[in-house]
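Undergrad: Quick one: the structure is below, questions incoming.
No lab work stands behind these numbers, since they all come straight from the coordinates. None of these values were measured; they are calculated from a predicted model. Every residue, glycine as well, gets a Cβ built from its backbone with ideal geometry; the counts of neighbours run over all protein chains shown.
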Amino acid sequence: MEESQKISIDDFKKVEIKVGQIKSAEKVTGADKLLRLEVDFGDHARQIVSGIAEYYPNPEDLVGKKCPFVTNLQPRVLRGLESNGMILAVLDRTNNKFSLLNIDDEISVGALIS
């Protein structure tokens, strides 16, 4: 990694990552890659639009999953839908494998990840 790409620990501390539980998931009309997720963070729910549809042909498979989400990003409008966060996942381009980062059931929705 180039030195210019490294961030300080203070920069990293600015990123808020919380546990969210997916309550609903559906394909975004007119978009091949986008899913609209409704995510519970314990004290509130948010709409998050994510480009993971190609890995989940049946979006209902996501319902009930607990995953880490970046929750302090500026909102962004995708296909007319406001997205208020980002789900964390991994794409292994070498093996063409994709995985969401899963959270154990014992961890509370809304827990801050550090």
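Undergrad: Please work out which residue is farthest from Phe12 (Cα to Cα), limiting yourself to region 63-80 and to residues that are assigned to a strand (DSSP E or B) and within 12 Å of the chain's Cα centre (by Cα).
TA: Per the stated criteria, the residue is Lys66.
Undergrad: Continuing with the same structure: Counting only residues that are within 25 Å of Ala31 (Cα to Cα) and of a type in the set (D, E, K, R), how many does region 78-114 have?
TA: Counting residues in region 78-114 that are within 25 Å of Ala31 (Cα to Cα) and of a type in the set (D, E, K, R) gives 5.
Table: residues versus (1) in contact (Cβ under 8 Å) with a residue 60 or more places away in the chain; (2) assigned to a strand (DSSP E or B); (3) among the hydroxyl-bearing types (Ser, Thr, Tyr).
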residue: Gly20; (1), (2), (3): yes, yes, no
residue: Lys23; (1), (2), (3): no, yes, no
residue: Glu26; (1), (2), (3): no, yes, no
residue: Arg46; (1), (2), (3): no, yes, no
residue: Glu54; (1), (2), (3): no, no, no
residue: Pro57; (1), (2), (3): no, no, no
residue: Asp61; (1), (2), (3): no, no, no
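Undergrad: Moving to a separate point now. Among the listed residues Lys13, Lys23, Lys6, Lys27, identify the single one that is among the charged types (D, E, K, R) and within 14 Å of the chain's Cα centre (by Cα).
TA: Lys23
Undergrad: Return the residue satisfying two criteria in turn: it lies in region 81-108 and is hydrophobic (A, V, I, L, M, F, W, C) and not in a loop (DSSP other than H, G, I, E, B), and of such residues it is surrounded by the most Cβ atoms within 10 Å (Cβ to Cβ).
TA: The extreme case among them is Ile87.
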